Amino acid sequence: MTTTVERAERSKLPSHFGWIYAALMVTMLLSALDQTIVSTALPTIVGELDGLSHMAWVTTAYILAATIGMPVYGKLGDLIGRRSLFLAALAVFVAGSALAGFAQDMPQLIAFRALQGLGGGGLMIMSQAIIADLVPVRQRAKFMGPMGAVFGLAAVAGPLLGGWITDNTDWRWAFWINLPLGAAALVISAAAIKLPRKQVKVAFDYLGTALMAVAVTSLILLCTWGGTEYEWTSPTILWLGAATIASAILFCVVESRIAEPLISLRMLRNPVFSIATLIGMIAIGLGMFAVISYMPTYLQMVYGYSATESGLLLIPMVAGLMLTATTSGALVSKLGRYKGFVIAGMAVMPVGIWLLSTLDPTSSVTLLCVYIGVLGAGMGLVMQNLVLAVQNAFPQKEVGTATSSNNFFREIGATVGVAVVGAIFTNRLTDALAGIGTNFGGAGAESITPAIVRSLPEALRDQVVNAYADALMPIFAGLVPVILVGTVLALFLPNRKLKDGDEEPEAAPELPTAAA
């Protein structure tokens, strides 16, 4: 039976909320799709553009730019309103997509992917924050769950769509396909999303934004170039390390003194925010993106599947994610608590990654699909419930900043995770291919593609296949202890009751400061 509270909460939703929700789901799909759509096309792209050593940057550039943009969108949304920012982010995303499709070399592609990311980061943040503007927290889980499922759907639809496009047309359409979808989303959003514009005088944190961008960029360059482009003890890497530390310290100093900080350091003393953010960095940022980014390459190179088939084989992951995300969302709304679901997800995720690390070229594809499904089920229990916990811990006027800050740190984990895994994988693979000592049928190691691997003599093909397997799977095994840290953290996540209606969050005790 519907309760009085639920009836009252439903009545607060705008009459055209269905259109708004549809628009937000479409834009969330677009932004999430482009984090993964290049994964199955990546072997062909780097082969055609002669860029094996820059392979990780095609994904990293998008995530890096999105990460830098997230806190900016979140803060400005709280200050001036979200509708105009949301539409601007969508326009930037579409422009970046058009330009990426025309890229003639790897530097151009990486630059245009970064432009895409600047728009995509805004879409991810604004979608979640607009939901928070319109839906009370207690009922929000019902809507956040499907948004998490869409994110998971994009994780598989991206590689699948990218693979189909690569096999049947040209990899450039992996970017151009965003143009009609983006235009439709822009029209729907402009017509349906009606939010009040806040008439405030904005004192934006320009210095903090610049320092944050320097810190994040330096960190990612360090992770990407260290041990590959440059030795870890080289002057370049040491300077990047110094720049990361110095800019991060200066950022904290600026944020502690400015009236409207980009990322409020006070939030870090909230145990819900700090623990949920750490879990997101470890589980979703590091665990999820590292696996999604490189599993399609493994399927193509080791099993010999086409780009389309390698995308289809990721469907069990999204099936598991969608099932647990939507189910847990409904249960969280009913029970008003989220902690148990996060703990369960964090117990399942390391099991899934460890199972994947046990695969070798002789393992059956059925077994691989089961293992991927286990990982997806764990992710579905964690993803949106962490965002919900953070939003529940702050008053409505800070929801945008809290949501963007949480996503910012999660994307830091994703960027570092993809960069580190990509750097280690590329380094191990390059050494292994060099040890084979051949030109691979006329192509160098930098230009090897799945088609070339399939055309090699059986003995040589087996060596290349084993090189890919030996380069990647031990890295997955190394991720397991890191994910287990997130499992332990989940045990300490405060289990605060979800707010009903417009009530403010429970008073959350702050973590003790050094002075205390």
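The values are calculated or read from the model by the stated rules, or taken from the named source; none is laboratory data. The structure displayed is predicted, hence computed values, not measured ones. Note that we place each Cβ from the backbone using ideal geometry, even for glycine, and neighbour counts take in every protein chain shown. Side chains are part of the model used for accessible areas, which takes the heavy atoms of the whole protein and leaves out ligands, DNA and RNA. Shrake-Rupley method; radii C 1.70, N 1.55, O 1.52, S 1.80 Å.
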- Message: If residue 276 meets every condition in (1) open to solvent by 60 Å² or more (accessible area, probe 1.4 Å); (2) under 27 Å from residue 388 (Cα atoms); (3) touching a residue at least 24 places away in the same chain (Cβ under 8 Å) apart from one, which number is that one?
- Response: (1)
- Restricting the search to the range 74-107, which residues are under 17 Å from residue 189 (Cα atoms), hydroxyl-bearing (Ser, Thr, Tyr) and surrounded by 18 or more Cβ atoms within 10 Å (Cβ to Cβ)? none
- Query: Taking the stated definitions as given, is residue 494 part of a loop (DSSP other than H, G, I, E, B) and open to solvent by 10 Å² or more (accessible area, probe 1.4 Å)?
  - Reply: yes
- Note on the structure: Listed by first then second residue, the pairs whose first member lies in the range 429-458 and is over 21 Å from residue 303 (Cβ atoms), whose partner is modelled with pLDDT of 75 or more and open to solvent by 20 Å² or more (accessible area, probe 1.4 Å), with beta carbons under 7 Å and at least 6 positions apart or on separate chains, are 438/460
- Item | Filtered residue count, the range 328-371, keeping only those that are in a helix (DSSP H, G or I), open to solvent by 20 Å² or more (accessible area, probe 1.4 Å) and either over 27 Å from residue 465 (Cβ atoms) or without any contact (Cβ under 8 Å) to a residue 40 or more places away in the chain (or both) | 16
- Counting only residues that are among the hydroxyl-bearing types (Ser, Thr, Tyr) and modelled with pLDDT of 85 or more, which one in the range 264-302 is nearest to residue 380 (Cα to Cα)? 277
- Note on the structure: Note on the range 142-171: residues part of a loop (DSSP other than H, G, I, E, B) and open to solvent by 40 Å² or more (accessible area, probe 1.4 Å) are 169, 170
- Under 8 Å between Cβ atoms, at least 6 apart or on separate chains: pull out the pairs that start in the range 411-423 with a residue that is part of a helix (DSSP H, G or I) and end on any residue that is of a type in the set (Phe, Trp, Tyr) and buried (at least 24 other Cβ atoms within 10 Å of the Cβ). 414/289; 417/289; 418/289; 421/294; 422/294
- Query: Only one of 256, 247, 264 is over 21 Å from the mean Cα position of the chain (by Cα) and open to solvent by 50 Å² or more (accessible area, probe 1.4 Å); which?
  - Reply: 256
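So that you can scan it fast, the table gives a plain yes or no per residue for (1) out of contact with any Leu (no Cβ under 6 Å at 6 or more places or on another chain); (2) modelled with pLDDT of 75 or more; (3) surrounded by 14 or more Cβ atoms within 10 Å (Cβ to Cβ):
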site	(1), (2), (3)
194	yes, no, no
205	no, yes, yes
209	no, yes, yes
212	yes, yes, yes
222	no, yes, yes
229	yes, no, yes
235	yes, yes, no
240	no, yes, yes
- Message: Here is a list: 116, 108. Which entry is closer than 21 Å to residue 177 by Cβ and free of Cβ contacts under 8 Å to residues at least 24 places away in the same chain?
- Response: 108
